[in-house]
Amino acid sequence: MSELKWIKSSYSEASGNACVEVAENGPLITVRDSKHPELPYATVGREAWGRFAGALVDGRLR
């Protein structure tokens, strides 16, 4: 896999206690914990990621 460009979520706490990073990976979105980048990460399709992110924004997930 080529080097991914990780972007920290704007919803991550400023204190660094809840940091999620995402990277575009072709047709996929890759997600990791920025506090432990050496650990495995999750990869999902863009459509699934969009539904997940939409549910967060809408308050359906807390």
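The values are calculated or read from the model by the stated rules, or taken from the named source; none is laboratory data. Not measured: the values here are computed from a predicted model. Here the Cβ is made from the backbone with ideal geometry for all residues, glycine too, and neighbour counts use every protein chain on show. Heavy atoms of the whole protein, side chains included, go into the accessibility calculation; ligands, DNA and RNA do not. Shrake-Rupley method; radii C 1.70, N 1.55, O 1.52, S 1.80 Å.
Quick notes
- In the context of the full set of protein chains, residues of the chain present 77 Å² of accessible surface per residue (probe radius 1.4 Å, heavy atoms only).
- Label corresponding to percent of Cα pairs over 18 Å apart when calculated from the structure given, among [x] 41; [y] 52; [z] 38: [z]
- Residue-averaged 222 nm ellipticity for the chain, from DSSP H runs of 4+ at -39500 (n - 2.57), nearest 500: -6500 deg cm²/dmol
- Ranked packing of 40-50, 20-30, most packed first, by mean Cβ within 10 Å: 20-30, 40-50
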